Amino acid sequence: MASFCSIEAGFPFVFFDGDGEAVNGTAVATAGGNGTGSCFFPSATCSPEGRVSDCCGISPSAGVATGANYMFLAFAFFMAPLFWAISAIYGSMTPEEREISDQKDEERKPRFITHNRCIPEFLKKTLLGVYELGLPFVITARVTIPIFAKKTQQRYMTVDQRTSLAASEAFMVPFFTIFTFVEEIVMIRVNYAVSENDKALTDRLVHAGLAGVIVTGTIGGIVGTALGLLPGALEALTIPGAENDVAVYPGCNFLEAVDVSMILPYWLLESWELIGKQIGGVLSGFLFGALEFNLLGWIGLVGEILYCFIWFGNIATYGNPVTLLGIAEFVLDWTTPILLTLFLVTPIGSQIREQTGVELSITKVCSYFLRPLAAFRKPALEQSDEKDGSDDINGDKDNAASSNGDGNDSDDDDDDDQRETMSLLIEGLKIMFMDIVIQACMTCSIYLALTTDGAIAYQITALQSELPAYGIAYAMGMAINTQILGPIFLSNGMHGLFVKYIKISMACVLVLVALICSSTGPFFRGLALDSGANACTYASSAECLPYFENVFGPNGEGGIYTLFFTYYAFPIAASIDAILLVMRATLLTLLDFDYMFYSTIAASISYVPAILVVTLAPLSVQNQAIGMFSAYYVPQVMLVFCFSARLVFVTRKLEAGETGPWSSPQKQKERRSSMQSAQSIRGISQSIRGITAEDAIEAANAEKRAADYSNIHSNHSSSSCSA
């Protein structure tokens with residue numbers, strides 16, 4: 001038996017004593033054993049307070065191999081739609097338009113470089129060349145950093161830290177989505193406004209967006225803090241299955257040592273990180289619309305560098321990796337808004353202020369805090385005015401006269417502000433609902449897994465840790481490109497080119513799906529061992545060994561419903577995430593909120609029977625990780641079909657030159673203009689109708705008297721001449 005549990009026997013993990021030397025294990029009979037017993041390693045220095053790396057690690061002889069390196073081939077094509085779009089836009093221009101575009105590009109070059117007398121001319125060219133790399137650099141950083149961050153989280157955090165973090169994220173993501181609904185819609189609307197060179201609208205949108213996210217972010221921070229400090233609330237949200245795990249695995253010291261205090265600092269940091277993230281989102285959307293991609297790229301890159309310095313530079317030595325993660329994310333999400341605000345309000349940002357008409361002002365932001373209330377009251381006031389005016393003809397005359405006065409411009413501006421505020425609220429709420437519904441499905445799966453068995457929940461967290469590396473990160477880059485380029489295509493009437501861009505993006509997504517499947521299918525064993533390595537600590541005692549076996553099987557040999565088996569669902573899930581992410585960005589760019597809203601409602605209904613089957617039906621998959629993980633993706637599969645059908649329909653309309661939600665910004669402006677013209681005409685007609693019969697008779701008599709006077713005066717003049 002001793003030789004069976006020796007280092008050379010092929011056990012997938014190696015365990016260490018206090019001196020860092022490998023130790024042999026001991027065999028014990030378990031319910032899940034295969035007749036030869038299961039190995040555990042009591043002489044290893046494993047404890048709830050110690051680091052996983054001091055206890056155990058993957059054995060060099062385990063033959064762990066993953067296909068993560070093959071995924072870097074995605075860099076060869078995931079930026080292809082962006083490069084094609086730039087070439088297509090420039091190629092579609094006439095010589096005159098190219099000249100104007102080149103002139104604008106020249107004007108957009110940063111004056112703090114071109115007009116800086118302290119920089120030699122030869123160095124200016126070099127700096128301008130480096131400056132143009134801002135967008136590619138930040139997109140690359142935002143694609144690659146999450147990949148390695150997720151891997152290090154899974155590697156350096158203990159099992160209870162990782163599952164508590166997963167529970168926190170399962171609650172926080174949908175909860176904070178409630179308070180972030182303004183951010184994304186402001187980004188899209190600002191893109192359109194800047195593309196149409198509507199400076200007044202851009203200024204209103206930016207300030208309305210900032211006011212909205214400050215209010216919602218503050219509320220979110222207060223509520224999050226209250227939940228964190230309320231006795232029992234944080235424990236219920238972050239370690240809901242702790243008591244159940246102690247009952248399922250009696251005597252396991254790793255489960256008995258779980259303490260909610262390990263997650264509290266992270267929770268509080270995340271609660272107040274929200275407002276910084278939202279402000280940064282609004283300002284980033286503004287700069288995207290202003291085509292200041294490279295400026296935003298370099299400023300965003302500063303935050304990414306600080307994040308890497310804090311997280312990767314300290315993860316190997318910091319006591320609580322969860323707290324360290326909270327600090328790193330807090331710094332990342334506050335660095336961008338602080339630097340952007342400083343840039344936009346100081347003299348160095350005067351160039352952007354001139355080009356966009358946006359003058360950041362605390363007074364303007366504060367003036368929007370009560371705008372939603374005014375916007376909600378406005379329809380009722382208008383109905384009351386119309387009723388009063390219909391009963392008083394003289395009131396119509398006065399209204400018509402005042403509508404032509406100097407005060408009309410300010411009234412129109414107030415109406416525009418209120419309309420924009422209401423529009424942002426309604427459209428933002430639709431996006432909020434869509435995100436909450438999808439995230440709520442994952443939250444439900446996570447919490448059900450946590451309350452059923454911690455080992456089941458841990459398998460799901462292991463799969464989630466690998467998702468950025470296999471598809472999501474690259475699809476996110478494609479989605480960002482779509483949100484940048486879509487408004488440019490549509491606001492300039494280049495519908496045919498945008499259709500081609502959509503087709504190229506979808507083709508790249510399909511190539512990405514093929515790459516995902518080929519990079520994961522042959523490597524399930526390596527993926528399972530790599531992503532679940534920190535669960536090896538549970539093989540250090542006989543009491544905790546059943547937990548280890550529920551993750552890896554007896555002696556780490558796998559088996560049905562272990563982590564190795566659960567990975568069969570991984571390539572499908574990663575592919576669905578990638579496809580849906582790009583489709584969602586495309587439909588958001590097309591402003592197709594209503595269709596997305598109703599299709600999300602329909603798709604979310606499918607989650608109910610799916611989760612009921614995997615939790616209640618008397619099947620072998622009942623309460624297993626692969627079932628709960630897959631149930632979450634049932635609504636997303638439905639959305640992929642719904643969004644695919646919609647994109648086919650929309651692209652045909654675009655090719656035919658028909659109008660739709662994507663043309664609403666310009667159409668709304670035209671409609672408002674026509675409504676104002678109609679109101680002026682109506683005022684004039686009401687004034688004309690207000691002339692009574694007596695007024696008409698009096699006017700006719702006056703005209704007759706004037707004619708008689710003219711004749712008398714004419715005759716008198718003739719007599720004088722004759723005389």
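Quick notes on this one:
- Between the range 583-662 and the range 13-92, the alpha-carbon center distance in angstrom: 32 Å
- Estimated from the Cβ-Cβ distance and a Förster radius of 22 angstrom, the FRET efficiency linking Ser644 and Arg108 is about 0.05.
- Ordering Val551, Ala610, Met628 by the projection of their Cα atoms onto the charge dipole of the range 536-664, which places +1 on the Cβ of Lys and Arg and -1 on the Cβ of Asp and Glu, puts Ala610 at the extreme positive end.
- For the cross-link pairs Lys104/Lys199; Lys109/Lys277; Lys104/Lys124, the ones whose C-alpha atoms lie over 24 Å apart are Lys109/Lys277.
- When each of the peptides 160-172, 131-143 is scored by the mean number of other C-beta atoms lying within 10 Å of its residues, the order from highest to lowest reads 160-172, 131-143.
- Potential lengthening between Lys653 and Ala236 on full extension [0.36 nm per residue; Cα-Cα distance subtracted]: 145.1 nm
- Tyr568-Ala29 pseudo-label distance in nm [points 7 Å out on the Cα-to-Cβ vector]: 3.1 nm
- Gain in span if fully extended, Phe597 to Phe77, counting 0.36 nm per residue against the direct Cα distance: 184.1 nm
- Order by protection proxy (mean Cβ within 10 Å, highest first), peptides 279-288, 612-621, 92-101: 279-288, 612-621, 92-101
- Listed peptides 505-518, 344-357, 321-334, 68-81 by packing density, highest first (mean Cβ within 10 Å): 321-334, 505-518, 68-81, 344-357
- Extension gain, Glu21 to Thr317, is 104.5 nm, computed as 0.36 nm per intervening residue step minus the present C-alpha separation.
- Whole-Å distance, taken between Cα centres, linking the range 439-500 and the range 223-245: 27 Å
- Along the axis of the charge dipole computed for the range 59-178 (Cβ charges of +1 for Lys and Arg, -1 for Asp and Glu, origin at the Cα centre), the listed residues Ser92, Ile139, Gln103 are led at the positive end by Ile139.
- Dipole axis of the range 118-360 (+1 Lys, Arg; -1 Asp, Glu on Cβ), positive-most option in Tyr266, Leu127, Gly280: Leu127
- Here the label points at Ile305 and Glu354, each 7 Å from Cα along the C-beta direction, are separated by 2.8 nm in the simple model.
Laboratory data are not the source of any read-out in this text; all were calculated from the coordinates shown. Since we're looking at a predicted model, the values are computed, not measured. Note: ideal-geometry Cβ built from the backbone for every residue, glycine included; neighbour counts use all protein chains shown.
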